[in-house]
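To keep things clear, I will list the structure first and then write my remarks on it.
The values are calculated or read from the model by the stated rules, or taken from the named source; none is laboratory data. Keep in mind the model is a prediction, meaning the values are calculated, not measured. Here Cβ is always computed from backbone atoms with ideal geometry, including for glycine, and neighbour counts include all displayed protein chains. All accessible areas refer to the heavy atoms of the entire protein, side chains included, with ligands and DNA or RNA removed. Shrake-Rupley method; radii C 1.70, N 1.55, O 1.52, S 1.80 Å.
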Amino acid sequence: MMLKKKNIKINGDTIFKYAIGSSVVVLIMLIVGIFVSLIVYSYPTIAKFGFGFISGHTWDPVTEEFGAYPFLIGTLITSFIALILSFPVSIMISILLSEYLKSGVIHNYVKSSVELLAGIPSIIYGFWGLFIFVPVVREVQMYFGITPYGIGILTASLILSVMIIPYSATIAYEVISLTPSEIKEAAYSLGATHFEVIRKVILPYSSSGIVAGVLLSLGRALGETMAVTMVIGNSHILPDTLFAPGNTMASVIANEFTEATSDVYLSALIEIGLLLMIVTAFINVVGKMIIKKFSVGMS
Amino acid sequence: MESKILKIKDFNAYYDDAQVLKDINLSILKNNVTAIMGPSGCGKTTLIRAINRMHDFTPNARMEGEILLNNEDLYQMEPIIVRRKIGMVFQRPNPFPTMSIFDNVIAGYKLNGIKLSKEDRNNIVEDSLRKSAMWDEVKDNLHKKGSFLSGGQQQRLCIARALAMKPEILLLDEPTSALDPKATAHIEELISELKDYVTMILVTHNIAQAARISNYTVFLYLGELVEYDKTNKMMTTPKDKRTEEYLTGKFG
């Protein structure tokens, strides 16, 4: 009798199993749902322009000609410049915090400041960028005799690079701190200096984690909308220099969705959204492969 | 008369205010295995790590006294140079996980940025792996990462890595404490054979191990050097009562 009773009873294990199972199902349905609806709503332009939507240089809502190439390029360029600018800073901050200033007031202060960068709302970056940073860029441009737009690709990249520092810096800090003290001691016992230990033991050991952090910040840069929209200049023309105004995929959507009165216009914006999602997913997959390749095989 | 390669004079060590080594005086003889034994917390690891200045990384550790390598004070030398001359093998095998077996052996040169010709590199790697009795086991897999090696093999790889720097002294800090009995026997045999090339100082809490492989034994207790003598003499006729009690298992 006792046994039978136990079998009928729904215990915590079963409930928990179904609870975690259903949360996974919900998550997958959500992602598939977003993806499918983006495809459905962008179908009009997919059917009308085909691949020309990605390769086309002209974006003209009046004549309903839509080519997203300038925005795709704008997104990739701003993100990669931001990445290149922020990476050295992130890596140096993480080495400083994990190897030179391991604890103490300055450590805590620097660490919190970096974390705070991630907490600043993007509109504040945009606002600060537009009213304080852009005039400075304009002065510099005038000094060098470049058309003083102030706003543009480079300005957006600079703002972005600051915004993404915390993502790569905190992850790099975590993985560098996790380097086993055994292998550091082994290197010291062979006569290595602190710098040699960092360069030849710690960085190779934590490379996969550092790459993971860089990818996270790249993902963040690709999708960043508000701050970029405010300082990039919102030009539909393919930028010819880094100082020229441009547009990213995210900033076009943010700028124009309220004006998208026709079905084709709206469909074009949604297709940009789809494109952005695919680019982000693609970079994520490539990143995972890189991490796998860099991963340390020895336990 | 055997030559004294290392002299420790009036050596004291402190962590913050706690004194862990008290007036240690000790001369290590060349091409011998000297075991440092004693119960946990007696300061044996502190002493061995003082010899290659590994305490430099512990901010609250403070050393007093002299340690002379061939009559030159280690604490007046560059720590980098000290550690190249005095190699170390740790409790747990710690090969570099990102490097191949070959690169692990040559790691000391790579880390220090010492350029070697390809021939020299190959010679050093083969010679070091032969000395650590590993050459036959790994010669076909030199450029693979060491992930498939057993714990004992990893420890012998670490010995090869230390030997590659051609150190004058090799410090072994309980090198078999993380290994199974078979691997332990292999390492002990290796230590006995290596005497011809290098002077070794072995920290162990295993009396039988000290008896098996060392020529001289130091008995440390509560930070004091209680007794230092030829191993077979100390094991059979200890002079100090504390040594006798430790050897007969009354404490420790």
| query | Which FRET efficiency value, to the nearest 0.05, do you get for B:Lys139 and A:Glu182 by plugging their Cβ-Cβ distance into 1/(1 + (r/R0)^6) with R0 = 22 Å? | reply | 0.25
| remark: Everything considered on the Cα gyration tensor (a ≥ b ≥ c; rounded for a/c under 1.5, else prolate if a/b is larger than b/c, else oblate), chain A must be described as oblate
| field | Separation in nanometres of the label points that stand 7 Å from Cα toward Cβ, at A:Ile31 and B:Asn122 | value | 5.0
| said: If N is the number of residues in region B:153-252, what value comes out of its Cα radius of gyration divided by 2.2 N^0.38 Å? | reply: 1.13
| What number, rounded to the nearest 500 deg cm²/dmol, is the helix-based mean residue ellipticity at 222 nm of chain B, given -39500 (n - 2.57) per DSSP H run of at least four residues and division by all its residues? | -10000 deg cm²/dmol
| chain A: calculated mean residue ellipticity at 222 nm from DSSP helix runs of at least 4, using -39500 (n - 2.57) | -23000 deg cm²/dmol
| request: Summarise the partner chain shielding of A:82-93 as one whole number: the mean count of Cβ atoms from other chains within 10 Å of each residue's Cβ. | output: 0
| field | Shape box of region B:127-201 [Cα atoms, principal axes, largest first, Å] | value | 31, 26, 16
| query | With a 1.4 Å probe, how much accessible area is buried between chains B and A, both sides summed, in Å² to the nearest hundred? | reply | 2100
| Is region A:1-98 rounded, prolate or oblate when judged by the Cα gyration tensor, a ≥ b ≥ c being the square roots of its eigenvalues, rounded requiring a/c under 1.5 and prolate requiring a/b larger than b/c? | oblate
| query | Which parts of region B:192-230 would a label at B:Asn71 reach, counting a residue when its backbone N lies under 16 Å from a point 7 Å out along Cα-to-Cβ? | reply | none
| request: Among the aspartates and glutamates, select those whose C-alpha is under 14 Å from the C-alpha of A:Lys48, and discard any that sit fewer than 8 residues away in the same chain. | output: A:Glu64, A:Glu65, A:Asp263, A:Glu271
| 10 Å Cβ neighbours from other chains, averaged over peptide A:177-189 | 6
| field | Spatial extent of the protein assembly as shown: Rg and Dmax, with the Cα atoms as the point set, Å | value | 32.5, 105
| Considering only DSSP beta bridges with both partners in the protein assembly as shown, what is the antiparallel share in %, to the nearest 5? | 55
| query | Radius of gyration and Dmax for region A:104-212's Cα atoms, expressed in Å? | reply | 19.6, 58
| note | Honestly region B:4-247 on the Cα gyration tensor test (a ≥ b ≥ c root eigenvalues; a/c under 1.5 rounded, otherwise a/b vs b/c for prolate or oblate) is just prolate
| note | Taking r as the C-beta separation of A:Ile124 and B:Lys115 and R0 as 51 Å, the FRET efficiency to the nearest 0.05 is 0.50
| remark: Rounded to whole angstrom, the alpha-carbon centroid of region A:232-280 lies from that of region B:43-120 at a distance of 58
| task | Sort out for me the Cα centre separation of region B:169-205 from region B:130-166, rounded to whole Å. | result | 15
| message | Less than 15 Å from a label point 7 Å out along the Cα-to-Cβ axis of A:Glu115: which backbone N atoms in region A:166-190 qualify, by residue? | response | A:166-175
| request: Counting only C-alpha contacts under 8 Å and six or more residues apart, can you give the relative contact order of chain A as a whole percent? | output: 26
| Could you give the nm distance between label points at B:Ile80 and A:Lys17, where each point is 7 Å from its Cα heading toward the beta carbon? | 6.1
| If the limit is 20 Å between Cα atoms, which of B:Lys195/B:Lys239; B:Lys115/B:Lys144; B:Lys115/B:Lys166 go over it? | B:Lys195/B:Lys239; B:Lys115/B:Lys144
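Report, as an integer, the average count of C-beta atoms from other chains found within 10 Å of each Cβ along B:87-99.
5
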| Cα-based Rg of region A:185-252 normalised by 2.2 N^0.38 Å, two decimals | 1.87
| task | Tell me the Kirkwood hydrodynamic radius of region B:1-87 in angstroms, computed as one over the mean inverse distance between distinct C-alpha pairs. | result | 13.5
| So, in Å, what gap is there between the alpha-carbon centers of region B:214-235 and region A:173-208? | 36
| note | With +1 on the Cβ of every Lys and Arg and -1 on the Cβ of every Asp and Glu, the dipole magnitude of region B:4-247 about its Cα centre, in debye rounded to the nearest 20, is 500
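Relative contact order of chain B, please, whole-number percent, based on alpha carbon pairs below 8 angstrom and at least 6 residues apart.
Result for chain B is 28 percent.
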| request: Compute the distance in nm between two label points, each set 7 Å from the Cα along the Cα-to-Cβ direction, one at A:Ile106 and one at A:Glu64. | output: 6.4
| said: Can you compute the FRET efficiency between A:Asn284 and B:Glu168 using 1/(1 + (r/R0)^6), with r the Cβ-Cβ distance and R0 = 45 Å? Round to the nearest 0.05. | reply: 0.25
| request: Under 21 Å Cα to Cα from B:Lys9, which lysines show up? Leave out anything in the same chain fewer than 8 places away. | output: B:Lys22, B:Lys30, B:Lys44, B:Lys85, B:Lys230
| Are there chymotrypsin sites (Phe, Trp or Tyr not before Pro) in region A:88-183 that DSSP puts in a loop and that have at most 12 other Cβ atoms within 10 Å, and which ones? | A:Phe144
